[in-house]
Amino acid sequence: QVQLVESGGGLVQAGGSLRLSCAASGRTFMTNGMGWFRQAPGQEREFVGAITWSAGTTYYADSVKGRFTISRDIAKKTVYLQMNRLNPEDTAVYYCAGTRTLWLTATLSDYDYWGQGTQVTVSS
């Protein structure tokens, strides 16, 4: 059983930056990768990016590539999502998730554990 808690969401102006955190606890030994997803009102949940715990390899959706950066602190069991040059289209609830797969994946069904989400609102 793994618990994930997101934090760091809030209201920012277009062009601004925000850093989200996802703290993991519980039986995390089988969690090999972490992903970030987001869901805007009335839309389906979409993949943002992912990172492996071991090597720190990352993969991003085209919509955020070059603007968002995922990192992790192994000792703190925490992953981060640094978001730069935010625009109103980035407004959504952001979720972190854990997967047992040994490779980077953008597939929702590959993720086994989910946080409760944190709201990010970007004003124009």
| Any residue in the range 75-83 that is among the hydroxyl-bearing types (S, T, Y) and either open to solvent by 20 Å² or more (accessible area, probe 1.4 Å) or over 22 Å from Q1 (Cβ atoms) (or both)? | yes
| What number goes with the only condition from (1) open to solvent by 20 Å² or more (accessible area, probe 1.4 Å); (2) under 11 Å from the mean Cα position of the chain (by Cα) that Q119 does not pass? | (2)
| task | Check A40, A14 and return the single one that is among the aliphatic types (A, V, I, L, M) and in contact with a helix residue (DSSP H, G or I) (Cβ under 7 Å, 6 or more places away or on another chain). | result | A14
| said: Filter the range 44-75 down to the residues that are assigned to a strand (DSSP E or B) and of a type in the set (V, I, T) and list them by number. | reply: V48, I51, T52, T58, T69, I70
| task | State yes or no: is L86 more than 15 Å from T121 (Cβ to Cβ), of a type outside the set (K, R) and either at pLDDT below 95 or open to solvent by less than 50 Å² (accessible area, probe 1.4 Å) (or both)? | result | no
| request: Please work out which residue is modelled with the lowest pLDDT, limiting yourself to the range 5-43 and to residues that are in contact with a Lys or Arg (Cβ under 8 Å, 6 or more places away or on another chain), open to solvent by 30 Å² or more (accessible area, probe 1.4 Å) and in a loop (DSSP other than H, G, I, E, B). | output: M30
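The values are calculated or read from the model by the stated rules, or taken from the named source; none is laboratory data. Note that the coordinates shown come from a computational prediction; the quantities given were computed from them, not determined experimentally. When we count neighbours, we look across all protein chains shown, and the Cβ atoms used for this are built from the backbone with ideal geometry, even at glycine. To get the accessible areas, we keep the full protein, side chains included, count just its heavy atoms, and leave off ligands, DNA and RNA. Shrake-Rupley method; radii C 1.70, N 1.55, O 1.52, S 1.80 Å.
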